[in-house]
1. Condition test on Lys60, is it in contact (Cβ under 8 Å) with a residue 40 or more places away in the chain and either open to solvent by 50 Å² or more (accessible area, probe 1.4 Å) or farther than 17 Å from Ala32 by Cα (or both)?
2. Any residue at all in the stretch 1-22 that's open to solvent by 100 Å² or more (accessible area, probe 1.4 Å) and in contact (Cβ under 8 Å) with a residue 40 or more places away in the chain?
3. Of the numbered conditions (1) part of a helix (DSSP H, G or I); (2) surrounded by 13 or more Cβ atoms within 10 Å (Cβ to Cβ), Glu99 satisfies every one except a single condition; which is it?
4. For the stretch 29-48, does any single residue satisfy the condition of being modelled with pLDDT of 85 or more, in a helix (DSSP H, G or I) and farther than 29 Å from Arg125 by Cβ?
5. What are the pairs, 6+ residues apart or on separate chains, where a residue within the stretch 117-134 that is free of Cβ contacts under 8 Å to residues at least 12 places away in the same chain has its Cβ under 6 Å from a residue that is surrounded by fewer than 17 Cβ atoms within 10 Å (Cβ to Cβ)?
6. I need a count of the residues in the stretch 75-86 that are within 16 Å of Val37 (Cα to Cα) and either at pLDDT 80 or above or open to solvent by 70 Å² or more (accessible area, probe 1.4 Å) (or both).
7. Condition first: within 21 Å of Ala32 (Cβ to Cβ), surrounded by 14 or more Cβ atoms within 10 Å (Cβ to Cβ) and in contact with a helix residue (DSSP H, G or I) (Cβ under 8 Å, 6 or more places away or on another chain). Now tell me which residues in the stretch 106-139 satisfy that.
8. Yes or no: Lys103 among the charged types (D, E, K, R), more than 25 Å from Thr24 (Cβ to Cβ) and free of Cβ contacts under 8 Å to residues at least 24 places away in the same chain?
Amino acid sequence: MNQVIDWLSANTLLISTLAAASITLLAITILATPWAVSRLPSDYLLRRLESRISRGLGRKLLSIVRGFIGLVVVLVGLIMMITPGPGVVMILLGISIAEFPGKNRLLVYLATRPNVLASLNWMRRRHDKPPFIHPDTGQ
């Protein structure tokens, strides 16, 4: 136990930086997530992604950049699972940004979990938007 206390005492700058980063990410998430969720159409979960054939270097580069950004957002969401912040919503946002096979099925599966869907629809109601249409019930 003394080793942990000694380590904490020796690394106060690191701990302060991590705490500040966590609070900053929480503030950004609180502001940006409801805004992003409210901008999606209510039938977003019903849509099926069209099969895209990547042609050209520009498309491949864009796909790589989107994948990297999506991975970073998913990692931030995983961090938020143990620190303050809506980790599941950030993971959903990261998945929706990235491009990979089976993305739509995974996104719909995660977004239609009862608690997640209730949270997403609560955010939409606060911005006077209709709730997401559930793919299974159509409501």
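1. The answer is no for Lys60.
2. Checked the stretch 1-22: no residue is open to solvent by 100 Å² or more (accessible area, probe 1.4 Å) and in contact (Cβ under 8 Å) with a residue 40 or more places away in the chain.
3. (1)
4. Within the stretch 29-48 (the criterion being modelled with pLDDT of 85 or more, in a helix (DSSP H, G or I) and farther than 29 Å from Arg125 by Cβ), the answer is no, since none of the residues qualifies.
5. Asn121/Pro131
6. So the count comes out to 1.
7. Within the stretch 106-139, Leu107, Leu110, Ala111, Val116, Leu117, Ser119, Leu120, Met123, Arg124, Lys129, Pro131, Phe132 qualify.
8. no
The values are calculated or read from the model by the stated rules, or taken from the named source; none is laboratory data. Bear in mind that the values here come from a model prediction, so they are computed numbers and not experimental data. Note that we place each Cβ from the backbone using ideal geometry, even for glycine, and neighbour counts take in every protein chain shown. For accessibility, only protein heavy atoms count, side chains too; no ligands or nucleic acids. Shrake-Rupley method; radii C 1.70, N 1.55, O 1.52, S 1.80 Å.
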